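Please read the structure below before turning to the comments.
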Amino acid sequence: DMAATRPSLAGERRCAETEEGSKQCRRLRQSGWVPGIIYGAGQRDELVKVNTKELMRQIRARPVSFENCVFDLVMGDQTHKVVPRQAQLHPVTDEVLSVNFLRFSEGTAVSIPFRYVNEEASSALKRGSYVLQVTNYLKVAAMDEDIPAELEVDLTGVEPKDVIRLSRVNVPSNVKVLDTDPNFVIGTVVGVRVSGKGRGRA
């Protein structure tokens, strides 16, 4: 049961008259709340505020997949199934300045980061070559809420100058790739290559 394991956040409705605007939002943050908006699924937008400590705990628990995770946003007697969006952090203090929430439904678009696997199965990578990453994320439609935190990119047998494409990505059956461009490039293999004439650059 996904509902039983779904993480939750405590929120409250935000008053448009007294809790909207830069000065009011600054006051909210000082009192332990992060302002945001719930949107999507063809419903009207709602102004919300979420508990700062609880939000930071969830971000630290899933630094890579926070915006790919489905949460229960509990607001009094109402619970919204949402995916966090546009979390804005202070550039120096990492304080969360604002965060929005997209209502989750089948087919919701999310961007999932890549994780490279099987580097040891490439002699080129073992000799010092490396992947120069071009794209960090893949945009997919999540068909259910069991969204993978990362997508594995299989580097078995890659050689210098190889182009890493979607064919090397392990895409689970419950997500649908939205970027189907055949020229979509994740990265290229570059770096040191050993040849009969000594070491050179790939």
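Within the group 126, 176, which residue is surrounded by fewer than 15 Cβ atoms within 10 Å (Cβ to Cβ), touching a residue at least 12 places away in the same chain (Cβ under 8 Å) and not acidic (Asp, Glu)?
From the options 126, 176, the qualifying one is 176.
For residue 153, state whether it is of a type outside the set (D, E, K, R), modelled with pLDDT of 95 or more, in a strand (DSSP E or B) and touching a helix residue (DSSP H, G or I) at 6+ places or on another chain (Cβ under 7 Å).
In short, yes.
Of 182, 91, 172, which residue is in contact with an Asp or Glu (Cβ under 9 Å, 6 or more places away or on another chain) and assigned to a loop (DSSP other than H, G, I, E, B)?
Answer to the selection: 172.
Limited to segment 58-87, what total is found for residues that are surrounded by fewer than 16 Cβ atoms within 10 Å (Cβ to Cβ) and part of a helix (DSSP H, G or I)?
So the answer is 2.
Of everything in segment 129-156 that's surrounded by 13 or more Cβ atoms within 10 Å (Cβ to Cβ), more than 15 Å from the chain's Cα centre (by Cα) and not charged (D, E, K, R), which residue is nearest to residue 105 (Cα to Cα)?
Top of the filtered list is 143.
Is it true that residue 54 is in a helix (DSSP H, G or I), out of contact with any helix residue (DSSP H, G or I) (no Cβ under 6 Å at 6 or more places or on another chain) and within 20 Å of residue 108 (Cα to Cα)?
Judged against the criteria, residue 54 is not a match.
Restricting to segment 85-122, count the residues that are under 30 Å from residue 159 (Cα atoms) and in contact (Cβ under 8 Å) with a residue 12 or more places away in the chain.
Looking only at that region, the number is 11.
Sort out which residues of segment 97-108 are within 24 Å of residue 139 (Cα to Cα) and in a strand (DSSP E or B), and write them in order of number.
98, 99, 100, 101, 102, 103, 108
In the set 117, 185, 169, which member is loosely packed, with under 14 Cβ neighbours inside 10 Å and outside the structural domain of residue 68 (by TED's automatic domain parsing)?
None of the other options fit; the residue is 185.
Which of the residues that make up segment 7-51 are part of a helix (DSSP H, G or I), free of Cβ contacts under 8 Å to residues at least 24 places away in the same chain and not charged (D, E, K, R)?
The answer is 22, 24, 28, 30.
Tell me the residue from 64, 82 that is farther than 16 Å from residue 100 by Cα and either touching a residue at least 24 places away in the same chain (Cβ under 8 Å) or assigned by TED's automatic domain parsing to the domain that holds residue 136 (or both), please.
The conditions single out 64.
How many residues does segment 109-127 hold that are farther than 14 Å from residue 188 by Cα and part of a loop (DSSP other than H, G, I, E, B)?
Matching residues across segment 109-127 total 2.
Conditions (1) out of contact with any Lys or Arg (no Cβ under 7 Å at 6 or more places or on another chain); (2) modelled with pLDDT of 90 or more; (3) closer than 21 Å to residue 178 by Cβ, marked per residue:
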{"site": "34", "(1), (2), (3)": "no, yes, no"}
{"site": "49", "(1), (2), (3)": "no, yes, no"}
{"site": "55", "(1), (2), (3)": "yes, yes, no"}
{"site": "70", "(1), (2), (3)": "no, yes, yes"}
{"site": "74", "(1), (2), (3)": "yes, yes, no"}
{"site": "90", "(1), (2), (3)": "yes, no, no"}
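Can you say whether residue 55 is without any contact (Cβ under 8 Å) to a residue 24 or more places away in the chain and buried (at least 16 other Cβ atoms within 10 Å of the Cβ), as far as the supplied structure shows?
no
The values are calculated or read from the model by the stated rules, or taken from the named source; none is laboratory data. Just so it is clear, the model here is predicted, and its values are computed rather than measured. Cβ: placed from backbone, ideal geometry, glycine included. Neighbour counts: every protein chain shown.
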